[in-house]
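In what follows, a single structure is set out as structure tokens and then discussed.
The values are calculated or read from the model by the stated rules, or taken from the named source; none is laboratory data. Computed from a prediction, not measured in an experiment: that's the story for all the values here. Here the Cβ positions follow ideal geometry from the backbone for every residue, glycine too, while neighbour counts run over all protein chains shown. Accessible surface is based on the protein model in full, side chains and every heavy atom, while ligands, DNA and RNA are left aside. Shrake-Rupley method; radii C 1.70, N 1.55, O 1.52, S 1.80 Å.
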Amino acid sequence: MLAKAFGGAVFGVDAYLITIEVSVGQGTKFFMVGLPDSAVKESEQRVEAAIKHSGYAMPRIKTVVNLAPADIRKEGSAYDLPIAVGILAASGQIQDTLLSKYLIMGELSLDGILRPIKGVLPIAVEARQHGYQGFILPKENAQEAAIVNNLEVIGVETLTETIDFLQGNQKIEPFWHETRDVFFEEINQFSVDFSDVQGHESIKRALEVAAAGGHNVIMVGPPGSGKTMLARRVPTILPPLTLHEALETTKIHSVAGKLSTDSALISQRPFCAPHHTISDAALVGGGNIPQPGQISLAHNGILFLDELPEFKRTVLEVLRQPLEERAVTISRARGTVNFPANFMLIASMNPSPSGEFYDAQSGHPDSPTAVQRYLNKISGPLLDRIDIHVEVNPVPFDEMTAEQKTESSSRIRERVIKARERQTKRFQESSIYCNAMMPPPMVKEICKISPAGKTLLKTAMERLGLSSRAYDRILKVSRTIADLNNSADIAVEHLAEAIQYRSLDREGWNG
């Protein structure tokens with residue numbers, strides 16, 4: 001007999017359908033075909049034990065399991081459940097009436113209990129698009145799949161429960177969750193707030209400008225000056241995720257297996273802070289079948305690189321293309337995968353190997369050569385993609401012990417949202433949605449400045465030794481400052497503030 005069950009596979013952040021065909025006939029061997037990897041081949045042992053412990057019999061005649069399409073590599077243990085159901089249907093132990101109506105996925109333990117799998121959300125989306133009535137999967141994954149509308153999500157715990165449902169012996173109510181209601185409740189709930197930060201008013205202003213325009217930021221300051229504390233509060237002032245952005249972000253975390261079983265939809269912008277020992281592949285993604293890296297997990301959120309010079313040079317250089325294209329392309333022998341990587345980069349670093357700002361008059365422990373060698377670990381092309389550079393100094397004691405509360409994140413966020421609304425209207429006929437994404441031709445068209453502004457910018461570049469790469473960055477940032485001030489034109493004061501945010505472009509910076 002021949003039976004067919006249906007599952008799904010994930011490649012990149014998208015899914016495609018897999019047909020599990022099982023044929024039982026004359027012979028004695030078990031064959032698994034369709035380019036399965038080792039984990040899929042080992043399912044024979046898991047499936048056999050699970051079938052026996054569930055009170056059914058494994059056929060002792062020739063059994064062929066084909067995973068179609070046969071020219072695409074299959075990996076993982078999520079095919080255990082559809083293979084087991086297909087074998088039981090092909091051997092006549094159960095009816096196959098409902099197999100064509102449901103997508104079935106799940107890993108089996110030897111006693112027939114189901115284990116959770118990853119990549120559920122994109123598979124559920126694919127199931128709905130192909131008109132399946134429902135999706136049968138481990139109960140731990142049901143909340144994630146329930147994000148998808150118009151799809152019956154049947155959460156099961158054992159192989160026996162799955163069979164009873166398919167045979168009509170047990171009724172299981174489709175899992176339903178108020179995902180969107182919970183999402184809109186949680187988008188404004190944060191455990192940190194800018195009101196907790198005493199002092200650093202100029203740095204808060206720089207981060208507000210960065211959030212309003214989507215600009216990348218680097219903070220330079222001695223240890224303990226508050227760089228990490230400030231960076232961790234940036235998500236609280238970014239515009240809240242839209243439902244579309246939340247679904248896109250959740251898909252990436254689902255594919256990577258980073259989505260917890262108690263959360264269905266990511267409601268807050270991601271904040272990823274990889275350690276400086278991270279490898280190239282872990283940062284941008286990789287593997288035989290490519291998996292998303294940290295820059296894709298930070299999609300629609302923040303990628304925070306603390307102690308930037310301590311990262312390997314090769315790791316930092318692979319950031320250049322994603323920062324420009326807002327996506328990363330990974331090519332392997334088995335195919336090419338595109339992962340979204342639209343993140344805001346926040347980096348921090350010490351000003352010298354010893355951690356202190358260099359001052360030749362105070363007997364600094366580092367030589368000028370050592371300081372320059374340390375700063376040169378950050379390449380010019382990478383620095384070119386960071387719009388805002390600010391120096392973070394320790395907070396004076398009087399400000400640190402002040403009892404008055406500083407401005408809250410919600411107040412700052414209101415201004416950021418209004419500035420983003422102006423940009424959305426400005427770029428409504430293009431794929432650009434924030435000032436930081438403007439290409440050079442658009443900068444010339446949109447960021448026009450007055451004669452007085454040109455004079456100021458020329459003087460600043462000559463006297464402060466600003467590099468030519470700073471020119472476009474200053475114009476973009478000044479456009480954002482004008483948006484925050486609800487100004488249609490870039491005024492001289494907007495340019496003056498933007499010029500202050502180019503510390504690392506000054507000749508002789510840090511001695």
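What is the helix-to-structure angle for 470-484, meaning the angle in degrees between its Cα long axis and the longest Cα principal axis of the chain, kept from 0 to 90 and rounded to the nearest 10? The helix 470-484 is inclined about 80 degrees to the chain.
If you line up the long axis of helix 243-255 against the longest principal axis of the chain, both from Cα atoms, how many degrees apart are they, to the nearest 10? Computed tilt is about 60 degrees.
Quick one: ranking Arg422, Arg332, Arg373, Arg313 by accessible area, 1.4 Å probe, largest first, what do you get?
On the way: Arg422 75, Arg332 100, Arg373 145, Arg313 120 Å².
Descending accessible area places them as Arg373, Arg313, Arg332, Arg422.
Ser23 sits with roughly 50 Å² accessible to a 1.4 Å probe, with DNA, RNA and ligands left out of the calculation.
By the scheme Lys and Arg +1, Asp and Glu -1, what is the net charge of all other residues having a beta-carbon under 14 Å from that of Gly76?
Details: positive: Lys41, Arg46, Arg73, Lys74, Arg115, Lys118; negative: Asp37, Glu42, Glu75, Asp80, Glu107.
Net charge around Gly76: +1.
Let me know the shape class of the stretch 166-321, please: from the alpha-carbon gyration tensor, a ≥ b ≥ c as square roots of the eigenvalues, rounded when a/c is under 1.5, otherwise prolate if a/b is greater than b/c, or oblate.
Numbers: a/c = 2.75, a/b = 1.46, b/c = 1.88.
Oblate.
Angle of helix 120-129 to the longest C-alpha principal axis of the chain, folded into 0 to 90 degrees and rounded to 10: 70°.
The charge dipole of the stretch 260-407, taken about its Cα centre with unit charges on the Cβ of Lys, Arg, Asp and Glu (plus for the first two, minus for the last two), comes to roughly 960 debye. For the set Lys29/Lys258; Lys4/Lys52; Lys258/Lys476, the pairs lying more than 31 angstrom apart at their alpha carbons are Lys29/Lys258; Lys258/Lys476.
Considering only beta bridges that DSSP places wholly inside the chain, some 50 percent are antiparallel. DSSP beta bridges confined to the stretch 9-88 are antiparallel in about 65 percent of cases.
Roughly speaking, what is the stretch gain from Glu201 to Glu421, that is 0.36 nm per residue apart minus the C-alpha to C-alpha distance, in nm to one decimal? Provide the component values of the computation, followed by the final result.
On the way: separation 220, 0.36 × 220 = 79.20 nm, distance 2.45 nm.
The Glu201-Glu421 span can extend by a further 76.7 nm.
Inter-label distance, His130 to Asn188: 4.2 nm, where each label sits 7 Å from its Cα along the C-beta direction. Gain on full extension, evaluated as 0.36 nm per residue between Glu462 and Arg320 minus their Cα-Cα distance, stands at 48.3 nm. Here the spin labels are modelled as points 7 Å beyond Cα on the Cα-Cβ line, and at Ala39 and Glu399 they lie 5.0 nm apart. Only protein heavy atoms count here; under a 1.4 Å probe, Glu462 has an accessible surface of about 130 Å².
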